[in-house]
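The values are calculated or read from the model by the stated rules, or taken from the named source; none is laboratory data. None of these values were measured; they are calculated from a predicted model. Heads up, the Cβs are rebuilt from the backbone with ideal geometry, glycines too, and the neighbour counts pull from every protein chain shown.
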Amino acid sequence: MSTTITTCNPYDGKSLNTYSLFTDLQIEKVLENANNTFHLWKKVSITERIQFLEKLAVQVEEKKQELAELITLEMGKPITESIAEIEKCGILIAYYKDNAEQFLSDVSVASDANESFISYEPLGCILAVMPWNYPFWQVFRFAIPTITAGNTAILKHANIVSGCAIAIEDLFKEAGYPEHCFQTVLASHDQVADLIKSPVVRAVSVTGSEKAGKTVASLAAENLKKSVLELGGNNACIIWEDADLDTYMDTIVKARMQNTGQSCIAAKRFIVVEAIYDKFLNLFKDKVKQFNIGNPQDENTTFGVLADKKFAETIKDQVQTSIEKGAVVIIGNEYKEAYCAPTIITEVQPGMPVFDEEVFGPVAAICKVKNREAALQLATTSSFGLGTMLFTQDIEAAKKVISDIPDGSFFINELVKSDPRLPFGGTKNSGFGRELSKEGILEFVNHKTVYINK
């Protein structure tokens, strides 16, 4: 088994850097340091912890260009999208700076005691296993509320963004956080399992595939530890016959193609009522043809490459199997190394990989249905439950079907997206638990009942 990680630029295949995996002894030291720091950090007042957020925000803003370029080099995101990702991290920091104290304040509860209240107290060291597609945002939305609540954090990031993982740890250090408050480990799968088993680690947060989530959650459960899982998605984008396509077509295309389609919350299945189908398909195709495809480091590039050529191979297999089952490619389905052309595939039905599975790349699977009711039925035919979007001018009718959508989120005339002010997470095979908002900061705290008689 290799003891090193080599990161590569997916656009040109050139090696970027080589890192050594941590030894077991190094990981033991990481755990020891995390535990020792926790016992000091948890005693720091929330007011003081918030001051560190202010310093972190300065670091993130000052290094925005440098951090964005690192994202683009390691996973191929167009540079303008990488900059937007770093800016979103700044918005997240500001949100918890303004709201964390209120979220973590004791809550008085009337009971037969003279005094009773709920106290929110940190659990200890929390392990995060994170993906490569939003290498800063995914980590920050875990780390900011978790550490601000008084916990310490250990990050096991995806290997292909190891440079980003180290850069995130450096940001916390440069912001003046206590040493070992946030630590990155470069670890093997076996070492991750050992981390979860360690009594120092009190809970686990996973963002990743359904397979990764099941593996980590099962190991956490065996060791009686809480887990929060944000896993795959197969989001439906429902287009009713009265959708205002002239206004929202850019949003609809972005819902699938941003980040080169590598997003768990992307619109992956387009369920289109037949009365508007032809117009929808023509407009979608026209928008896709307007992408400026090229080097992700070029500011004019609007569509880049996948993070690894093996991802392109997986998508090619999913599309080919769907074609064999009757699907029809309208545009795209071209591959070269890590490049996968933006693809539109029609005549899609349940039983095809592009309908049943999460296709983690720029493939828009389009289904034609007779009416609104058929659209809702097909949209909810999925083992995933991360989010659904509906485009219509009939807002009152849309509100009436909110409870018919069993997902973690339902967006009307907007793409599904994460927002620090709103809880984020899924149902069914998309996982459980919530990130962001008040719900996110309370995931990794002890909701302690305090009962006092005088």
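Is it fair to say GLY176 is surrounded by fewer than 21 Cβ atoms within 10 Å (Cβ to Cβ), on the phi > 0 side of the Ramachandran plot and not hydrophobic (A, V, I, L, M, F, W, C)? For GLY176, the condition - surrounded by fewer than 21 Cβ atoms within 10 Å (Cβ to Cβ), on the phi > 0 side of the Ramachandran plot and not hydrophobic (A, V, I, L, M, F, W, C) - is met.
From SER188, SER205, which residue is among the polar types (S, T, N, Q) and surrounded by fewer than 22 Cβ atoms within 10 Å (Cβ to Cβ)? The match here is SER188. Of the residues PHE303, PHE270, PHE284, PHE280, the single one that is in the same structural domain as THR388 (by TED's automatic domain parsing), touching a residue at least 24 places away in the same chain (Cβ under 8 Å) and within 20 Å of PRO10 (Cβ to Cβ) is PHE303. Annotation note: Cβ proximity below 6 Å between a residue of segment 415-430 that is β-branched (Val, Ile, Thr) and a residue that is surrounded by 17 or more Cβ atoms within 10 Å (Cβ to Cβ) and part of a strand (DSSP E or B) (sequence gap 6+ or interchain) occurs for VAL416/ASN235; VAL416/MET389; THR427/GLY385.
So that you can scan it fast, the table gives a plain yes or no per residue for (1) touching a Cys at 6+ places or on another chain (Cβ under 6 Å); (2) of a type in the set (Ser, Thr, Tyr); (3) within 13 Å of ALA167 (Cβ to Cβ):
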residue	(1), (2), (3)
GLU61	no, no, no
LYS64	no, no, yes
GLY76	no, no, no
THR80	no, yes, no
ILE91	no, no, no
SER105	no, yes, no
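For segment 332-350, the candidate set comprises residues that are without any contact (Cβ under 8 Å) to a residue 60 or more places away in the chain and surrounded by fewer than 17 Cβ atoms within 10 Å (Cβ to Cβ); within that set, the residue that is nearest to THR381 (Cα to Cα) is PRO350. Tell me, which residue of segment 367-389 that is charged (D, E, K, R) and not in a strand (DSSP E or B) is farthest from LEU229 (Cα to Cα)? Ranking the qualifying residues of segment 367-389, first place goes to LYS370. Figure legend. Inter-residue proximity from segment 125-142: first residues free of Cβ contacts under 8 Å to residues at least 24 places away in the same chain, second residues surrounded by fewer than 24 Cβ atoms within 10 Å (Cβ to Cβ) and assigned to a strand (DSSP E or B), beta-carbon distance below 8 Å, spacing 6+ or different chains. No pairs are indicated.
LYS42 meets each of the listed conditions (1) closer than 21 Å to THR148 by Cα; (2) over 21 Å from the mean Cα position of the chain (by Cα); (3) surrounded by 19 or more Cβ atoms within 10 Å (Cβ to Cβ) apart from (3).
Listed by first and then second residue, the pairs linking a residue in segment 198-219 that is assigned to a helix (DSSP H, G or I) to a residue that is at pLDDT below 95 and surrounded by fewer than 20 Cβ atoms within 10 Å (Cβ to Cβ), with Cβ atoms under 8 Å apart and 6 or more places separating them unless they lie on different chains, form an empty list. Taking segment 435-444 as the range and being aliphatic (A, V, I, L, M) and either surrounded by fewer than 20 Cβ atoms within 10 Å (Cβ to Cβ) or in a helix (DSSP H, G or I) (or both) as the test, the residues that pass are ILE441, LEU442. Restricting attention to segment 328-358 and to residues that are among the β-branched types (Val, Ile, Thr) and not in a strand (DSSP E or B), the residue that is nearest to GLY261 (Cα to Cα) turns out to be VAL354.
Listed conditions (1) of a type in the set (Val, Ile, Thr); (2) touching a Gly at 6+ places or on another chain (Cβ under 9 Å); (3) over 27 Å from GLN138 (Cα atoms) are all met by VAL216, apart from (3). Can you tell me which residue is surrounded by the most Cβ atoms within 10 Å (Cβ to Cβ) among those in segment 381-396 that are under 21 Å from the mean Cα position of the chain (by Cα) and hydroxyl-bearing (Ser, Thr, Tyr)? Only one residue tops the list, namely THR388.
Put simply, of GLU66, GLU85 the only residue that is under 27 Å from ILE293 (Cβ atoms) and within 19 Å of the chain's Cα centre (by Cα) is GLU85.
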